[in-house]
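Have a look at the structure below before the remarks.
The values are calculated or read from the model by the stated rules, or taken from the named source; none is laboratory data. Computed from a prediction, not measured in an experiment: that's the story for all the values here. Positions of Cβ are generated from backbone atoms using ideal geometry, with glycine treated the same way; all protein chains shown enter the neighbour counts.
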Amino acid sequence: MADDRSVSLRIPSSDEVSLDARLARPPGIARVHGVVVCHGFPHGPGGGVIVGRTYPDLGEWLSRQTGWGVLTFNFRGTGESTGNFSARGWLDDVEAAVSHLDARDDVDGVGLVGTATGGVLALVHAARDDRVRAVATLAAPASLRSWVDNVPRFLDHVHRLGVVRDEGFPPDLMAWAREIAELDPVAAAAKIPPRPLLVLHGADDDVVPSSDSELLAGAAGPGVEHRILAGAGHRLRHDPRVCALLAGWMSRQD
């Protein structure tokens with residue numbers, strides 16, 4: 001990692017939230033392409049504390065391989081970021097990260113990469129933000145509606161994960177749940193072209209079926225790059241084949 005200049009950042013987001021972030025950027029180059037990497041939803045008790053911890057390492061590796069500036073961050077309610085999880089809040093966090101990278105004088109253009117839930121948010125944000133030049137998703141679901149089939153149970157779940165930290169949050173439980181249910185990555189994928197879109201999925205994903213990737217790719221049309229990898233599970237960022245595919249795709253972007 002000695003080849004990279006990697007710095008810690010705090011990025012302000014909506015509702016006075018502060019996001020913990022890290023930027024990996026190769027030294028000695030005046031302007032570089034930039035990409036924001038969005039992590040997925042945590043799993044297991046207290047998972048909100050540790051989710052995203054390995055993403056700075058991925059960002060540094062991608063920066064070394066591609067010569068890009070790679071911004072990784074923790075969504076609100078996770079890691080060292082402040083705040084509580086909500087769909088609107090996490091979308092605001094993507095906006096804040098994209099805006100931070102886009103405003104830098106040493107960055108020329110911004111792409112988005114999202115894993116799992118992060119892929120959903122990357123698609124939904126990019127569909128309404130023309131600053132985003134390219135999008136890649138890894139193991140992204142086609143819908144999050146099942147999360148809120150039982151709203152009180154899901155709220156208890158996110159409390160146990162540690163991504164909702166404050167008593168009395170959310171102030172409007174049903175509105176909070178609707179925000180999640182109304183995220184529509186399939187409709188968003190249809191709005192990405194003619195910008196480049198890469199959809200990667202594992203054939204052996206036991207969390208999100210590979211058929212979800214077919215829905216996303218089908219909505220985007222013939223220009224999408226869609227790969228289902230044999231023998232790959234849900235945590236694609238740990239698969240060297242996926243990392244190589246992602247780095248190669250990034251390097252092909254103008």
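Odds and ends about this structure:
- Filter result (free of Cβ contacts under 8 Å to residues at least 60 places away in the same chain and surrounded by 14 or more Cβ atoms within 10 Å (Cβ to Cβ)) within segment 229-246: L229, A232, G233, D239, R241, L245
- Tally, over segment 133-164, of residues that are free of Cβ contacts under 8 Å to residues at least 40 places away in the same chain, in a helix (DSSP H, G or I) and not acidic (D, E): 11
- Answer residue from segment 20-58, given it is without any contact (Cβ under 8 Å) to a residue 40 or more places away in the chain and of a type in the set (G, A, S) and is farthest from R5 (Cα to Cα) among those: G52
- Filter result (in contact with a strand residue (DSSP E or B) (Cβ under 8 Å, 6 or more places away or on another chain) and part of a helix (DSSP H, G or I)) within segment 91-116: D93, V94, A96, A97, V98, H100, L101, D102
- Qualifying residue in segment 85-94 (condition: closer than 19 Å to G34 by Cα and over 15 Å from the mean Cα position of the chain (by Cα)): no
- Wholly enclosed strands (runs of 3 or more DSSP E) of segment 1-90 bearing at least 1 residues modelled with pLDDT of 95 or more, within 30 Å of E182 (Cα to Cα) and among the β-branched types (V, I, T): 5-12, 32-38, 69-73
- Filtered residues of segment 203-228 (kept if in contact (Cβ under 8 Å) with a residue 60 or more places away in the chain and touching a helix residue (DSSP H, G or I) at 6+ places or on another chain (Cβ under 6 Å)): L215, L216
- Total residues in segment 12-48 satisfying the condition of being under 14 Å from the mean Cα position of the chain (by Cα), closer than 22 Å to P170 by Cβ and small (G, A, S): the figure is 1.
- Residue count for segment 171-187, restricted to those that are more than 18 Å from the chain's Cα centre (by Cα) and either of a type in the set (D, E) or crowded, with 19+ Cβ neighbours inside 10 Å (or both): 3
- Test: residue in segment 188-206 that is surrounded by fewer than 21 Cβ atoms within 10 Å (Cβ to Cβ), of a type in the set (D, E, K, R) and over 17 Å from G114 (Cβ atoms): yes
- When the criteria are applied in full, V98 meets the requirement of being modelled with pLDDT of 95 or more, surrounded by 20 or more Cβ atoms within 10 Å (Cβ to Cβ) and more than 25 Å from F154 (Cα to Cα).
- Members of segment 45-71 that are in contact with a Lys or Arg (Cβ under 9 Å, 6 or more places away or on another chain) and farther than 16 Å from G83 by Cα: P45, T54, Y55, P56, L58, G59, E60, S63, W68, G69, V70, L71
- Scanning segment 75-95 for residues that are charged (D, E, K, R) and crowded, with 22+ Cβ neighbours inside 10 Å turns up R76, D93.
- Exactly one residue out of R227, R237 is under 27 Å from R145 (Cα atoms) and at pLDDT below 95, and it is R237.
- Among (1) under 26 Å from R128 (Cα atoms); (2) in contact with a Gly (Cβ under 7 Å, 6 or more places away or on another chain) - the single one L183 does not satisfy: (2)
- Complete set of residues in segment 109-150 that are farther than 13 Å from V199 by Cβ, within 8 Å of the chain's Cα centre (by Cα) and of a type in the set (S, T, N, Q): T117
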